[in-house]
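Student: Below is the structure I would like to discuss, written out as structure tokens.
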2 protein chains.
Amino acid sequence: MKHPVHSIHHLQQVLENEIPITRRMGIRVKDYDGSQLVLEAPLAPNMNHKSTAFGGSLYSLAVLTGWGLLYLRMQELGLESHIVIFESSIIYHLPVKTDFISQCKMADEKAWRRFLAIFRRKGRAKIPLLANILTRDGLAVSFRGTYVAHV
Amino acid sequence: MKHPVHSIHHLQQVLENEIPITRRMGIRVKDYDGSQLVLEAPLAPNMNHKSTAFGGSLYSLAVLTGWGLLYLRMQELGLESHIVIFESSIIYHLPVKTDFISQCKMADEKAWRRFLAIFRRKGRAKIPLLANILTRDGLAVSFRGTYVAHV
């Protein structure tokens, strides 16, 4: 397994180089402990007409948190795959008035093992992941996405 | 009612000035006929690791199409309001390999009249809107968002 600090640096490079709009949004990989990934973004480049965070930027950070977690977990197992978002839903609880972070955790280890078993057998599997966007005021956004990994 | 050509120019200014990340994404207001709004975005600045459009950029274009349509319709009636996205869901049917457009239509006139009646009475109302992202290959993304307008 790669060391988490290496993973943080690696994922930062992947986001910047392969999804260049993330540079414009100022997205940073903040933390990864092998189970939970945390991304962060500054408010300024992601501001909307109400001087709060644009809903599309909040969505982008959330969808990338799930994507990044799945990417790192697959890499650690040496599994080459393409990972894409298939469908998702998002609820905006509070306006985001500050810089913000998004957290995604591999919460359901049983679902993860089932996902891996199917991926290894069929070369294609899907898994649902939850991400939360937090600010000092509390939970601002709940995101649920279904990701597909395929060889 | 404002002339649609004026509305197109006005909405373009609003997006560029008030949601600056839309400039980075190259989002353009392409068409508006009083009922349907069409936005477009180029692939290049919105590319992902697979050289197709990043799911967050597709979401952003879709959510702005609903937002922009509601904004223009409220403006035409002289109704001052703040419009925000409350919750949404999105399905990615096909990878997007070219520049892309998003369409949103005020399809349910009964829901629109009910929304207006509630907004006028309570100063706050919500309405669901559908947006579709289309490419030469067909329907690539289906989006459904619930928007809230409040005084």
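The values are calculated or read from the model by the stated rules, or taken from the named source; none is laboratory data. Bear in mind that the values here come from a model prediction, so they are computed numbers and not experimental data. All Cβ positions, glycine included, derive from the backbone under ideal geometry; neighbour counts span all protein chains shown.
Student: Quick one: how many residues across the range B:3-37 are touching a Gly at 6+ places or on another chain (Cβ under 9 Å) and touching a residue at least 60 places away in the same chain (Cβ under 8 Å)?
Tutor: 3
Student: Sticking with this structure for a sec: Pick out the one residue from A:GLY55, A:GLY66 that is without any contact (Cβ under 8 Å) to a residue 60 or more places away in the chain and among the small types (Gly, Ala, Ser).
Tutor: A:GLY55
Student: Can you name the residue in the range A:12-33 that is basic (Lys, Arg) and more than 10 Å from chain B (Cβ to nearest Cβ) and is also nearest to A:VAL63 (Cα to Cα) among such residues?
Tutor: Checked the range A:12-33; the qualifying residue nearest to A:VAL63 (Cα to Cα) is A:ARG28.
Student: For A:ASN48, all conditions in the list (1) closer than 22 Å to A:TYR147 by Cα; (2) free of Cβ contacts under 8 Å to residues at least 60 places away in the same chain; (3) in contact with a Phe, Trp or Tyr (Cβ under 6 Å, 6 or more places away or on another chain) hold save one; what is the number of the exception?
Tutor: Of the numbered conditions (1) closer than 22 Å to A:TYR147 by Cα; (2) free of Cβ contacts under 8 Å to residues at least 60 places away in the same chain; (3) in contact with a Phe, Trp or Tyr (Cβ under 6 Å, 6 or more places away or on another chain), the odd one out for A:ASN48 is (1).
Student: Turning to a different aspect of this structure: Which is exposed (fewer than 14 other Cβ atoms within 10 Å of the Cβ) and assigned to a strand (DSSP E or B), of A:LEU134, A:LEU129, A:LEU139?
Tutor: Residue meeting the stated conditions: A:LEU139.
Student: Looking at the structure I just gave you, is B:GLN75 more than 14 Å from chain A (Cβ to nearest Cβ), under 24 Å from B:GLY34 (Cβ atoms) and of a type in the set (S, T, N, Q)?
Tutor: Judged against the criteria, B:GLN75 is not a match.
Student: Report whether or not A:ILE85 is in contact with a helix residue (DSSP H, G or I) (Cβ under 6 Å, 6 or more places away or on another chain), facing another protein chain (nearest Cβ under 10 Å) and over 24 Å from A:ALA117 (Cα atoms).
Tutor: No, not satisfied.
Student: Shifting gears a bit: Kindly provide the set of residues from the range B:36-77 that are modelled with pLDDT under 95 and either among the small types (Gly, Ala, Ser) or touching a Leu at 6+ places or on another chain (Cβ under 7 Å) (or both), ordered by number.
Tutor: Scanning the range B:36-77 gives a single hit, B:SER51.
Student: Consider A:GLN13 against the criteria (1) of a type outside the set (Val, Ile, Thr); (2) over 19 Å from B:LYS50 (Cβ atoms); (3) at pLDDT 95 or above: it satisfies all of them except one. Which criterion is unmet?
Tutor: Condition (2) is where A:GLN13 drops out.
Student: May I pose another question? Considering only the range A:101-108, I want to know if a residue exists there that is within 14 Å of chain B (Cβ to nearest Cβ) and within 13 Å of the chain's Cα centre (by Cα).
Tutor: Taking every residue of the range A:101-108 in turn, at least one turns out to be within 14 Å of chain B (Cβ to nearest Cβ) and within 13 Å of the chain's Cα centre (by Cα).
Student: Checking the condition within 14 Å of chain A (Cβ to nearest Cβ) and in contact with a Phe, Trp or Tyr (Cβ under 6 Å, 6 or more places away or on another chain), which residue from B:ILE91, B:ILE133 passes?
Tutor: B:ILE133
Student: Just for strands (runs of 3 or more DSSP E) wholly inside the range A:1-97: which have at least 3 residues that are surrounded by fewer than 23 Cβ atoms within 10 Å (Cβ to Cβ) and either more than 16 Å from the chain's Cα centre (by Cα) or of a type outside the set (D, E, K, R) (or both)?
Tutor: Ranges flagged: A:82-92.
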